[in-house]
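These notes concern the structure reproduced below.
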Amino acid sequence: MELNDANLQTLTEFLRKTLDPDPTVRRPAEKFLESVEGNQNYPLLLLTLLEKSQDNVIRVCAAVTFKNYIKRNWRIVEDEPNKISDTDRSAIKANIVNLMLSSPEQIQKQLSDAISIIGREDFPQKWPDLLTEMVTRFRSGDFHIINGVLRTAHSLFKRYRHEFKSNELWTEIKLVLDTFALPLTELFKATIELCQTHASDVNALKVLFSSLTLISKLFYSLNFQDLPEFFEDNMETWMTNFHGLLTLDNKLLQTDDEEEAGLLELLKSQICDNAALYAQKYDEEFQPYLPRFVTAIWNLLVSTGQEVKYDLLVSNAIQFLASVCERPHYKHLFEDQNTLTSICEKVIVPNMEFRSADEEAFEDNSEEYIRRDLEGSDIDTRRRAACDLVRGLCKFFEGPVTAIFSGYVNSMLVEYAKNPAENWKHKDAAIYLVTSLASKAQTQKHGITQANELVNLNEFFVNHILTDLTSPNINEFPVLKADAIKYVMIFRSQLPKEQLLQAVPLLINHLQAESIVEHTYTAHALERLFTMRGPNNATLITPAEMAPFTEQLLTNLFKSLALPGSAENEYIMKAIMRSFSLLQEAIVPYVPTLIGQLTHKLLLVSKNPSKPHFNHYLFESLCLSVRITCKTNPTTVSSFEEALFPVFTEILQNDVQEFLPYVFQVMSLLLEIHSNSIPSSYMALFPHLLQPVLWERTGNIPPLVRLLQAYLEKGGATIAGSAADKIPGLLGVFQKLIASKANDHQGFYLLNSIIEHMPPESITQYRKQIFILLFQRLQSSKTTKFIKSFLVFVNLYCVKYGAIALQEIFDSIQPKMFGMVLEKIIIPEVQKVSGAVEKKICAVGITKILTECPAMMDTEYTKLWTPLLQALIGLFELPEDDSIPDDEHFIDIEDTPGYQTAFSQLAFAGKKEHDPIGDAVGNPKILLAQSLHKLSTACPGRVPSMLSTSLNAEALQFLQGYLQAATVQLV
Amino acid sequence: MPTKNVVDERISKFKNKGKDPAKLREKRITECVELRKAHKNENFLKRRNITLSSLPDEEALSPDYISNEKVSRLSIEDIIKEVNSGCRQSQTRGCQAARKLLSQERNPPLKEIIDAGLLSRFVSFLSMDDEPTLQFEAAWALTNIASGTSWHTQQVVEHGAVPVFISLLASPLLHISEQAVWALGNIAGDGPAYRDVLIECNIIPALLARISPDTPVGYLRNLTWTLSNLCRNKNPFPPLSAVMQMLPSLIQLLHHSDKDILSDACWAISYLSDGDNDRIDIVVKTGIVPRLVELMSHEELRVMTPALRSIGNIVSGSDQQTQAAIDAGVLNVLPRLMRHQKASVQKEAAWALSNIAAGPCRQIQQLITCGLLPPLVEQLRNGDFKTQREAVWAVTNFTSGGTVEQVVQLVQCGALEAIINLLQVKDPKVILVILDAINNMFMAADKLGETEKLSLLVEELGGVDRIEMLQNHDNEMVYQAAHNLIEKYFSDGEIEGIKVDTTEDAFVFQSSDVQRTFEF
């Protein structure tokens, strides 16, 4: 492509077309540009257009296109062609800085981005004059140009803030410092002087202050990795000026905007960051300046207003004080009683106040309010920073700080008492203060776990919290009510049980409050109280203690779901689930009513599932209703099916993807309750469960496998009889699962159920094929998980079909296959099998191979006999994995394995562990002893001789123990 | 953890990380680009304006000698004229004037003197044994030039001063010999190249010959300093043969009572031990380790610092070398040094500790028994940033090599709380190392079946918030490490799938047609 007018014209036309809203015009134009971008001069044409085009739209469009082109193509990837010619590269680098600086802001920003992308690749080696070119512009005196340079420098240098130290990086920084540090310092000083000379010219000031902010950012980047010699030598200049700027105020720069931070705030905020950096990393050198900064920042805090626009500045400033006051050698800066009092009064208390913005959120944006206040996403809020400062100060001054605040809390409460309607915010601040003062450690699971001993939590509860909870009008002062409820919730582990029990009925009342925050907090508090553990690992609050309130609790919980704004309130639904789980049999009388409400809710939300947590707890609650009711009376299962199947059918028909895994789990739960037969309603669904589309969604796999297992358990014979044509499809699912490393164990679950429950003749024709698939997988991708599942399956097969059948089918696939599997897989790997049932299956299977397989005695397999026995004894004697899963009542979905994988496992749909061998074998060790005894009587002399020649002594000793226990002897 | 790649850079400098027991103690990272001001006390050692201890009294008292100011100053032109004249007296006067000019503190005219071509004259005066004053003044002038920049030193060497100075070491006049010691010390301090030139010219026997019970202390101080400069610098190290020649005398000097001698002798040992394990071995084999440990408690900072540095180097060696330091009682001294008032000492002590913590668990046990955990945690909490950084490494090494019980003990001492607090430092590497330590702690907890308990503890200490925040970190490795911790211990993992043939209604159950022979 030549640099000529014709090409410029063509390019202009296509650029214009890329802005067309009609995709049939836009797309081909974009395609065209992509197809020509490899040509030489293409980027230069763009640069020409963005500089010279008459049409402003085309100029901006060319700039954006150029930046994206650079982003895609500039980097030279090894082994890939260089996508931009060297002459174009040089030409771009030679012109771009000039172009950027002389362009209007919109284009300047694009080019500045492009420069930093190029710089990331080429700077400094392949672009040695970039810096000097930039530095020269400092002398231009034109601050629009200077700011362009500063912005570009900032995008080039900001990576120094997060990259690891390396010689390469530090060489670059050194080079930058050598050319840049001095001019930057000069510019800094000159800019500050200009601010003084232009103190009354608001437009000039704006430009100058954005320069100062950029310079301060550059300072941060250049000082981040280590303290450079230059800046150590010039610390006086920088710190004195930073300090000056912190204390500076100029009416002209104050903005009317309440939300958006102004230039002054941005600059001061960055200076706080710079001071914090020095205080943290270069303490030794910074020490002489630090006290001044502490004072300045503290004064800044005292004089800064409550508006939202100051939030970042204030939280940065408070965080600075918080980090300094924890350091032992700065303790003295704070320890004076007056200082402490003044920090508490003027910095902490004002920033804990409930602001009008908070009030708005409380009323109109309750979700956001709850997220911030309850779930701790308040990292950079003022309240959080103030709390951190309280904690920091408490490190050395817990006593005095507590005393100061106690006085404060009392006076605020007195204010409140004078005129609650007018002064309720004082009480809010008092409660917040007590909370932040008292809490030393906190978790979601237990609330506050360590409290400040100097704060009397019980007394405060009795005198100030209970009063709010007992007040007859639950809708009065909703913020204070929410505070009181939250107090109970977070201090639950610190308050005595009597007080919690006292709070429970009061809380139940508040479920009816109109304020969303208030009734949400209530539901949450109840839910948390119900998960507390008492002695013996049971719940702290017992169903008996709840008896007087059960009906009210259930009624109010469901009523609160009808309150405006809470139709899908996850906290309430979680409280319902937890209440069911706590109350157990006590809910049975209410289930007929409740199940109707739950299914109604389910029908509604299935139209448009939008609250995953709410939906999850809804299904958990359904499971609990089923389980608790059917535990005493299994026949009621059909009434649940009647209530649920219509909704389930609709969900399945509409393919509500989010709900399918849940539906499969509830169906499994229901089917498993049936005694050994399968209702026809289930059989009608069977073919649909084998549809590949269901199995493509990973979240469906575990619940579907479980459901198919339930089908096989209850209806193996039915399937073999009336749905035999579906068996290949069923095995196809097995094959699909076995092909995935992630899901292969699910494939084995299914296969084990097929072997266990299908009539043997119904699968005879498929058996060899099954093993070939397993061997293929073993050959191509042998993982520990696969081997463990494989071993269990092989042994289950042996138990079910006999050792001879196992050996024959192996050897029919390939001669000597049986020996190879024994030698290479079973003997070395069987120790890895975990789980009591799995181990038992392997023990019984191996015992059969040892004692019921003639080939083991009379062929070349004989040499494997003792090693196999030894492996079996090892399996017996390995320490058991005795970890017991947590009681499901206490489980949070966040803790449930698989929740995040879209599997959505329901804790209360839990499946009992199934033992396919069951009581047939009580003690596998005894079985081994008896089987060996039987074998030895069949061929006298051989067993003892095999044992004595190659079994190791320790194993032999264990074996003798088994023989003794079984009171048999080998002959 | 994927942090390995980055952490590896330093981890690989620790011994015993993972299953490779041979390599991994941290060596002092050298040859790095530095942004900081060069370290003060190291710099002044390189070149030094010493005071001659052995000036004959009459010289020292002569009016000529004492008062630079009072003597009428000669201009450079006059000096050139005098030095180049044939008259001994003029030469002496010229030399002395030149020496004085060169001794001035601000901008001595080194270049002018060199450009005037006076160096060859000065060097030729060095050999004039019958003119001791001239000899001395010339030596002094050259010494001043040699103490300039590398370029200045180079001029002196290239004019052939080295062999003459070395022969001057044997001068019967002590002050002349001492002047030679001084000049040679400056040349040796210039760098490995000239150091080796001196060694090849047999400086070492000539120097060592001057050590005797009668050698005055002042002279011995300067000699020790020159020796230390001969031990100094890497890339390459001084030749082994030279080291072996010097070591016995250095060991002897380490038992001297003079503080300056002790200081420089210790520095010499610190240079010799600042290398690979073979170099360390040579030092350890002399049996000097107990004395070095003793000197770590010396009241003088300038003795204690290089002693600590030497021991720090030694514990960066093999397990056996470290054991030698432990047997000599280093662990009894370290707690005090960890709490030393000077931050630089704390940092150095923490560095040594981090290397001992990289050892096998029996050494870690000794570290616990000697009460190092409390000061370690104190430093993590309140130390200077550089000390905190070393202390963090100590924790990570400890957690990767320690037994489960040892790790539990570390956590109980408050280390977990302290490192969680440090997750807010503005240094991505430190953060990554901390995340690694936390991961190690979880692996220990896993063995005890107490991951859940640890998760709660981390949450209580505010760690979960911090780690979650780090998932927004701009540094990719930090983000990954934080993300992995959250995934692994504060939530759950993911699943992947592979395809199989399907029809509309069901999967196809079939094995591939290719019948292979199975071989497992």
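Between helix A:784-801 and chain A, what is the angle of the helix's C-alpha long axis to the longest principal axis, kept within 0 to 90° and rounded to the nearest 10? Helix A:784-801 sits roughly 20 degrees off the main axis of chain A. A DSSP coil position with no more than 16 other Cβ atoms inside 10 Å describes the following trypsin sites (Lys or Arg not before Pro) in the stretch B:227-315: B:LYS234. The loop-placed GluC sites (Glu not before Pro) in the stretch A:1-90, going by DSSP, that have at most 15 neighbouring Cβ atoms within 10 Å of their Cβ come out as A:GLU2, A:GLU78.
Surface burial for A against B, with a 1.4 Å probe and both sides summed, reaches about 6300 Å² of accessible area.
Model label sites at B:LYS37 and A:GLU913, defined 7 Å from Cα along the beta-carbon direction, differ in position by 6.8 nm. Only Lys, Arg, Asp and Glu carry charge here, each on its Cβ (+1 for the first two, -1 for the last two); on that basis chain A has a dipole of about 2600 debye about its Cα centre. Legend: calculated FRET efficiency, A:VAL57 to B:GLU476, from the Cβ-Cβ distance at R0 = 45 Å, rounded to 0.05, equals 0.75.
Expressed as a fraction of 2.2 N^0.38 Å, the C-alpha radius of gyration for the stretch B:213-328 is 0.98. The average projected area of the stretch A:403-448, computed from the convex hull of its Cα atoms over all directions, is 3.7 nm².
Rg/Rh for the stretch B:337-392 stands at 0.96; both radii use Cα atoms, and Rh follows the Kirkwood definition. Its alpha carbons considered, the protein assembly as shown gives a radius of gyration followed by a Dmax of 41.0, 130 Å.
Rounded to the nearest 20, the Cβ-based charge dipole of the stretch B:208-288 about its Cα centre (Lys and Arg +1, Asp and Glu -1) stands at 100 debye.
Note that the stretch A:310-378, at 10 °C in a medium of 1.306 mPa s, gets a Stokes-Einstein diffusion coefficient of 113 µm²/s from its Kirkwood radius over C-alpha pairs. In the calculated pair distance distribution of the stretch A:425-582, what percentage of Cα-Cα distances lie above 26 Å? That tail contains 22 percent of the Cα-Cα pairs. Work the Kirkwood hydrodynamic radius out for the stretch B:366-490: mean of 1/r over every pair of different alpha-carbon atoms, inverted, in Å. Final number for the Kirkwood radius of the stretch B:366-490 is 14.3 Å.
Axis angle, to the nearest 10 degrees, between helix A:680-689 and the longest C-alpha principal axis of chain A: 60 degrees. Given the C-alpha centroids of the stretch B:176-230 and the stretch B:110-154, what is the distance between them in whole angstrom? Each part reduced to its Cα centre gives a spacing of 18 Å.
Taking 16 Å as the straight-line reach from the Cα of B:LYS488, the lysines in range (excluding those fewer than 8 positions away in the same chain) are B:LYS447, B:LYS453.
Across the options A:LEU480, B:TYR219, B:ILE431, the greatest Cα extent toward the positive end of the charge dipole of the protein assembly as shown (unit charges at beta carbon of Lys, Arg, Asp, Glu) belongs to B:TYR219.
Applying both filters, DSSP loop and at most 14 other Cβ atoms within 10 Å, to the GluC sites (Glu not before Pro) of the stretch A:335-407 gives A:GLU335. Of the residues A:SER950, A:SER116, B:SER212, the one with the largest accessible area comes first in the ranking A:SER950, B:SER212, A:SER116, computed with a 1.4 Å probe on protein heavy atoms. Excluding same-chain neighbours fewer than eight residues apart, the aspartates and glutamates reachable from B:LYS259 by a Cα-Cα span under 12 Å are B:GLU299, B:GLU300.
Between A:THR555 and A:THR132, what FRET efficiency follows from the Cβ-Cβ distance if R0 is 56 Å, with the result rounded to 0.05? For R0 = 56 Å, the calculated efficiency reads 0.10.
Legend: residue pairs A:LYS785/A:LYS839; A:LYS425/A:LYS497; A:LYS788/A:LYS840; B:LYS37/B:LYS386, Cα-Cα distance threshold 19 Å; pairs beyond threshold, A:LYS425/A:LYS497.
Each of A:ALA275, A:LEU212, A:ALA199 was placed along the dipole of the stretch A:197-294 (beta-carbon charges, centred on the mean Cα), and the one lying farthest toward the positive end is A:ALA199. Partners of A:LYS418 within straight-line reach, counting lysines whose Cα lies under 18 Å from its Cα and excluding those fewer than 8 residues away in the same chain: A:LYS427. Working note: 222 nm ellipticity from helices only, DSSP H runs with n ≥ 4, each -39,500 (n - 2.57), summed and divided by the residues of chain A, gives -21000 deg cm²/dmol to the nearest 500. The long axis of helix A:235-247 is offset from the longest Cα principal axis of chain A by roughly 90 degrees.
If r is the Cβ-Cβ distance from A:LYS189 to A:ASN95 and R0 is 56 Å, what FRET efficiency results, to the nearest 0.05? Once the sixth-power term is evaluated, E becomes 0.95.
Inter-part distance, the stretch A:568-631 to the stretch A:261-306, computed on C-alpha centroids, equals 53 Å.
Sequence-distant contacts, meaning Cα pairs under 8 Å at least 6 residues apart, place the relative contact order of the stretch A:542-675 at 25 percent.
The values are calculated or read from the model by the stated rules, or taken from the named source; none is laboratory data. Not measured: the values here are computed from a predicted model. Here Cβ is always computed from backbone atoms with ideal geometry, including for glycine, and neighbour counts include all displayed protein chains. Only protein heavy atoms, including side chains, enter the accessible area calculation; ligands, DNA and RNA are left aside. Shrake-Rupley method; radii C 1.70, N 1.55, O 1.52, S 1.80 Å.
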